[in-house]
Amino acid sequence: MNANGSLRALLFDFDGTLADTAPDLGGALNRLREQHALAPLPIETVRPWASSGARGLLRIGFDLKPGDATYEEMKLSFLAHYDAAICVETRLFPGIAELLAQLEARNIAWGIVTNKATHFTERLVRLLGLAERVGCVVCGDTTPHIKPHPAPLLAAAERLALAPGQCGYVGDDLRDVQAAQAAGMVSIAVEYGYTGTENGGPRSWNADAVIARPGDLIGYL
């Protein structure tokens, strides 16, 4: 992937790639279910949907989809629950801290590109101790488009003053690979994340590389 040393930055999706946010997202969903006299969902039921944010979680929690009569009201309630307990159990995935340290030691920039809103992302980045280290943070409301549109990834490359071809994008969802390809970046899919529920496995996404754990990236650098 990087045999000629052409990659000067790695950009990461957040939920399911850099951080395991599913426990707190699931907690917010279950508190909302409790308000509606519904039993809690097991975290393993929630986990595959966590990268889809409120849209995916309201689908499994209440069989709601955008456009339904109560969707927007329920979305606001879900986000309020999440906001109130956003970093109780959220942690970096095992191996991520070591990977970021390796990137920094090799003078390879790293950043975050996520569809998560700025309000939540910047708080989590700070609470996880990454705010002073990350090269750029591009969120779902930073540009007029979200992934799989390439605009957020292109904005990140611009902030790092790099050409898109000098960047790799690491993600756990098909749309991450599609965004990287559309932006002209190296696409790297991870198998340890949430990986979605309807798009097959990461090895079916035609990514430039597929890794089983964060440490596998070191071998490519």
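The values are calculated or read from the model by the stated rules, or taken from the named source; none is laboratory data. Given the structure is predicted, the values throughout are model-derived calculations rather than measurements. Don't worry about glycine lacking a Cβ; one is built from the backbone with ideal geometry, like all the others, and counts go over all protein chains shown.
Annotation note: Cβ proximity below 6 Å between a residue of the stretch 98-119 that is under 15 Å from LEU11 (Cβ atoms) and a residue that is in a helix (DSSP H, G or I) and at pLDDT 95 or above (sequence gap 6+ or interchain) occurs for LEU99/PRO214; TRP110/LEU103; GLY111/ALA156; VAL113/PRO152; VAL113/LEU153; VAL113/ALA156; THR114/THR121. Here the condition is being within 24 Å of ALA22 (Cα to Cα), modelled with pLDDT under 95 and out of contact with any helix residue (DSSP H, G or I) (no Cβ under 7 Å at 6 or more places or on another chain); of GLY200, GLY140, it holds for GLY200 alone. Of all the residues in the stretch 150-187, those that are surrounded by fewer than 22 Cβ atoms within 10 Å (Cβ to Cβ) and either more than 17 Å from the chain's Cα centre (by Cα) or over 20 Å from PRO202 (Cβ atoms) (or both) number 14.
When GLY215, GLY193 are checked against the criterion of being part of a loop (DSSP other than H, G, I, E, B), in contact (Cβ under 8 Å) with a residue 40 or more places away in the chain and of a type in the set (Gly, Ala, Ser), a single residue qualifies: GLY193. Residues that are part of a helix (DSSP H, G or I) and among the aliphatic types (A, V, I, L, M) were ranked within the stretch 81-110; the one that is surrounded by the fewest Cβ atoms within 10 Å (Cβ to Cβ) is ALA105.
The residues of the stretch 15-69 that are on the phi < 0 side of the Ramachandran plot, outside any helix (DSSP H, G or I) and charged (D, E, K, R), listed by number, are ASP15, ASP20, LYS65, ASP68.
Checking ARG33, ARG55, ARG59 one by one, the residue that is in contact (Cβ under 8 Å) with a residue 24 or more places away in the chain and not assigned by TED's automatic domain parsing to the domain that holds GLY129 is ARG33 and no other.
The single condition from (1) farther than 24 Å from LEU162 by Cβ; (2) touching a helix residue (DSSP H, G or I) at 6+ places or on another chain (Cβ under 7 Å) that ILE96 fails is (1).
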